[in-house]
Structures are given as C-alpha cells and as structure tokens.
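All remarks here apply to the structure that follows.
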Amino acid sequence: MAEKKKRKMRPDRVKMRMQDASERIHNFDEVASGYTRQQAIEEAMRCLYCKKVPCDEACPLHCRPAEYIALIEQGDFDKALAQILEYNPFPSACGRVCVHFCEEKCTVGKKGTPLAIAWLKRAAADYGQATVSPREPTGKRVAVIGAGPAGFTVAWECAKAGHGVTIFEGLPSPGGMLWAGIPPYRLPREELNRDIQRILDLGVELLVGSPITSEQEIRDLLEEYDAVFIGIGAHEPRWMGTEGEDLDGVVHVVDFLRDVNMGKDVKVGDKTAVIGGGSSAMDAVRTARRLGADAFIVYRRAREQMPADEAEIEEVEEEGIVFNFLTNPTRILGKDGKMTGLECLRMELGEPDESGRRRPVPIEGSEFVIECDMMIQAISQRPDITWLEKDSKFETTRWQTFEVDPETSETSVPGIFAAGDDVSGPATIVEAIADARKAAQGILDDLEQT
Ligand SMILES: Cc1cc2nc3c(=O)[nH]c(=O)nc-3n(C[C@H](O)[C@H](O)[C@H](O)COP(=O)(O)OP(=O)(O)OC[C@H]3O[C@@H](n4cnc5c(N)ncnc54)[C@H](O)[C@@H]3O)c2cc1C
C-alpha cells in the first residue's frame, strides 16, 4: 500500500486522448486511447487514500480500488492487475465501460474531477500481466448457461476452485451484452476477448451456438453436472405498446445492436429516431450515426434526468447528435406498412416520482410530428424465459426474472442457481459480476456438502 501521508488535492484529472469527433463518426474504432504508463502513474498520484474508502463502499464488488491504485502509483502494473483479478475477471471491459459507482463517491470529486478509477483499472489491464492457476481438480462439474459477465464470473470462480465447467451460449460469440450490445468503439473485441481468454485458460469449456431451449434440457443437465447456473441476461425486447410498433422501420435496440455487432448488413433510415435516455439509447444513436443515418434522440424527460453516464452523453453531443428532450412519442405513423413519422407530445416536469426524478407531464394540445423513416426503441428489455414450461418448477416474477434465495442465489429448483440481469432485471456489468460472485459462493458451498 502507498504511503498514507496527507497529500494536497490535485483537482484536475490527467486527460486521456480521444479520437476526434469528426473522424470517429465514420468508424467503429475505439474512441478513448487509454493512458500511457506514465499518465496512469500521475493520475494514481491524485488518490487521497481516504480512511473511509467511499470508492470501495460504492462499488458493488467492494474491490478495494485504493490497493490497485497504490500499486499503479508504484509502477507495478502486474501486481495491480493481480489484485483486480481477485474480485473481477473483466478488468479490460470494466476499465472501459463500467458505470463506475466508485467515481461518483470519490473524495477528490468534491472539489474537482474524481479520480479516474475505471481508467486506472484499464491501465492495469493494458500493461499488467498476471496468471491465475486453478486448484487441483475436484472431479465435480458445473454447467453454466449464458456466456455473459455473470456466467463467466461463476465459471471463473468454480474453475479456480478446481471444478470442471462447461458454458452453454446461445449466440455464436461469447460476452453477453458486452459483445451483443456494447459497440466496439467503446469496447474493442480484442480487449473483451483478452478477459474471456484468461477465464477459458483455467480449462473452462465454452460451447457457442448452444442455446438451452427447454426446461427438460436443464433437468437433463442436472443429471450430468453437480450444479447448474443460469445467467441468460435480459435479451427479450420490451415494447411500450405504442400504436404502429408493427410498421416496417421500427426495431428494438437489443435486435438492432446484436445484428450490427454480428456483422449483419443492417440498413438504417435516412432519419432515425432513438427513443430513450439510457446507455443503450446512446449506443443505438451513435451506431446508427456511424452507419450513415441522421440519427437523433427522443427522450420524455430532461437532460439532467438521463440515466446514461455524463461522459457518454457529452461524447454523443460532441458527435453532433441532436437530443429532443421532454418529448414523448404517442403514435408511430406509417404509409403502406412503412414508418413515416413519429407523433409526439411535449412534456413539462411535474412533482418527483418514486425514483425521485421529477415526473414528465404532458402539455395538452402540444402534439407534433417528427418526420423519420426508422425508430429504435431503447427503453427496456427483459429475460427471455419463453422456454419455461407452463407449470414451471422455477419461481419467476412479473418482470420475467428468476426468484432466488438472497443468501445462496439458488432458484426454487435445488441445485440450480441464477444471477445477473435474469435476476435483477437490466442492470450493469459490475452488478452482474458482484451478484454472480455471490452465486458462485452458493454453488461452492453446495458442492462442498455433496
Ligand atoms: C446496449 C447496452 C449497453 C450497455 N452498456 C453498459 C455499460 O456501458 N456499462 C455497464 O455496466 N452496463 C452496460 N449494459 C448492461 C450490461 O451489459 C448488463 O447488465 C450485463 O451484461 C448483464 O450481464 P449478464 O451476464 O447477466 O447477462 P448478459 O450479458 O446479457 O449475458 C447473457 C448471455 O446469455 C445468453 N443466453 C440467453 N439465453 C440463453 C439460452 N436460452 N441458452 C444459452 N444462452 C443464452 C445470451 O446470448 C448472453 O450471451 C448495457 C446493456 C445494453 C443492452
């Protein structure tokens, strides 16, 4: 640990080189270039090593950021990476796209820009080398359904403990939403694959293009494996029921981004409206822009209420993308089965709702039409559990998520565990990893007793 002497606050973050907005709107190359080793050391020197560690308290993983920051400050990127891997098998991915709850609580942020904790994690992943070895084989086997951050975290923890692990993934490539959702200009695939390869190097078997399509298949897995983990995420589009959703040109963000990321020839409209204010809406609008559309955001609340990360919103603004705030789509207009426009209502902010944000209230008689030939709905998605039987043994909620024991993450079916977006609903990578670590512990405890 670095010397814990009182140091002077350095309010300004070491800047990272970004690809110029006028260039990057024409390509899918990474926007942020990353710190050099020296820049990372300088940024780490801004850490105040607070006694109360608010960054650690804010992180769902409680990954002790000050420890790897201190190691980076000493120039020891290898040890920094090894420390991160104790908690998080996705340092490259999280160093780039974690929502960094830690930075929101960073003490330096009270008087300046918070320490770039995520970017420091990225530097450890970029420059560090660390090998993790599994324990002696136990002869026990775990089946994991879904190769997203939750599934891979369970695979990582179980394989480290010496259990054999096989992952069944429905899509042709692993990574979950990190591959099927997040575009490569935020998370280059070679960086994602670096994290994945480290997990596979523990001897984890990965079967892609192998979806589980019935409850019977899961029961069969229990015959062959000692425990089963379900980490299928939230991949089913959730529609709002707006009139005209069946028109040609109307797509859901999950389908749109997955098709683009799979390398399909995806056509965008000349004018493409993206509905929503979260991270997935930002990804959709920037992707549509890069594919040549005049793409813009339609959001029913105000800018300060957007759930997307502020830095990401700023990058979208730099790319010249227009935001239509306090605008609520009420009807999708079409002709001959094809979308032609979006009827909207103007909104104003009323009293706070249960989320604490001021509720958008429609302004009567304010209907107007935005002409556009494509709409990407980026409001919400949910787990696809259509494969469950009608009288399923799995208890689920009305949001189509699995009910699990809060202590062990075991579902209502003994020996089958679940975590990630298919339990919490759409959340974040770090939350999926944290919940999956808990589920892995539930599995390890269970296997110890058998
Ligand atoms: C567009 C978009 C952008 C996002 N950006 C961010 C961000 O910047 N930062 C952040 O922290 N979070 C972000 N998120 C959220 C984050 O990606 C998810 O919270 C996280 O990936 C959830 O992990 P998971 O493992 O639970 O599920 P997933 O990552 O969804 O992985 C589930 C896996 O299970 C597979 N699967 C599904 N059904 C089956 C089946 N029947 N059989 C076999 N395999 C199956 C899926 O194909 C998938 O590979 C974003 C989400 C989206 C949609």
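The values are calculated or read from the model by the stated rules, or taken from the named source; none is laboratory data. Remember, predicted model here, so these are calculated numbers, not experimental data. Note that we place each Cβ from the backbone using ideal geometry, even for glycine, and neighbour counts take in every protein chain shown.
Things to note:
- Applying a threshold of 6 Å to beta carbon distances and a minimum spacing of six or more residues, or different chains, the list of pairs starting in region 216-245 at a residue that is farther than 20 Å from Trp156 by Cα and ending at one that is assigned to a helix (DSSP H, G or I) reads Ala234/Asp421; His235/Val254; Pro237/Val254.
- At least 2 residues being outside the structural domain of Ile321 (by TED's automatic domain parsing) and either in contact with a strand residue (DSSP E or B) (Cβ under 7 Å, 6 or more places away or on another chain) or surrounded by 17 or more Cβ atoms within 10 Å (Cβ to Cβ) (or both) is the threshold, and among the helices (runs of 4 or more DSSP H) wholly inside region 14-71 those reaching it are 37-44, 54-58.
- Some residue of region 371-384 being in a loop (DSSP other than H, G, I, E, B), assigned by TED's automatic domain parsing to the domain that holds Ala295 and over 30 Å from Gly170 (Cβ atoms): yes
- Set Ile167, Ile212, Ile218: member being closer than 22 Å to Cys94 by Cα and among the β-branched types (Val, Ile, Thr): Ile167
- Test: residue in region 420-437 that is part of a loop (DSSP other than H, G, I, E, B), more than 21 Å from the chain's Cα centre (by Cα) and either assigned by TED's automatic domain parsing to the domain that holds Leu192 or of a type in the set (A, V, I, L, M, F, W, C) (or both): no
- Filter pass, Leu187 being outside any loop (DSSP other than H, G, I, E, B) and in the same structural domain as Pro172 (by TED's automatic domain parsing): no
- Some residue of region 64-80 being within 16 Å of the ligand (Cβ to nearest atom) and closer than 25 Å to Pro184 by Cα: no
- Flag for Gly241 being away from the ligand (no atom under 12 Å from the Cβ) and at pLDDT below 95: yes
- Among the residues of region 156-170, those that are more than 9 Å from the ligand (Cβ to nearest atom) and either part of a strand (DSSP E or B) or free of Cβ contacts under 8 Å to residues at least 60 places away in the same chain (or both) comprise Ala159, Lys160, Gly162, Gly164, Val165, Thr166.
- Every residue from region 67-107 that is touching a Lys or Arg at 6+ places or on another chain (Cβ under 6 Å) and under 24 Å from Lys8 (Cβ atoms): Leu71
Okay, residues lined up against (1) near the ligand (Cβ under 9 Å from one of its atoms); (2) surrounded by fewer than 19 Cβ atoms within 10 Å (Cβ to Cβ); (3) of a type in the set (Lys, Arg):
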position: Asp405; (1), (2), (3): no, yes, no
position: Ser409; (1), (2), (3): no, no, no
position: Phe417; (1), (2), (3): no, no, no
position: Gly420; (1), (2), (3): yes, no, no
position: Val423; (1), (2), (3): yes, no, no
position: Ile429; (1), (2), (3): yes, no, no
position: Asp445; (1), (2), (3): no, yes, no
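- 2 or more residues closer than 30 Å to Ala116 by Cα: qualifying strands (runs of 3 or more DSSP E) within region 309-364: 322-324
- Against the conditions (1) more than 21 Å from the chain's Cα centre (by Cα); (2) touching a residue at least 24 places away in the same chain (Cβ under 8 Å); (3) not in a loop (DSSP other than H, G, I, E, B), Val274 satisfies every one except (1).
- Residue in region 121-133 that is closer than 19 Å to Val254 by Cα and in a loop (DSSP other than H, G, I, E, B) present: no
- Selection from region 192-234 of residues that are away from the ligand (no atom under 13 Å from the Cβ) and among the aliphatic types (A, V, I, L, M): Leu200, Leu202, Val204, Leu222, Ala227
- Scanning region 331-357 for residues that are over 14 Å from Val251 (Cα atoms) and in contact with a Pro (Cβ under 8 Å, 6 or more places away or on another chain), we see that the one that is surrounded by the most Cβ atoms within 10 Å (Cβ to Cβ) is Cys344.
- Scanning region 344-380 for residues that are of a type in the set (Ser, Thr, Tyr) and closer than 26 Å to Ser279 by Cβ returns Ser355, Ser380.
- Glu104 satisfies every condition listed in (1) surrounded by 18 or more Cβ atoms within 10 Å (Cβ to Cβ); (2) within 16 Å of the ligand (Cβ to nearest atom) except (1).
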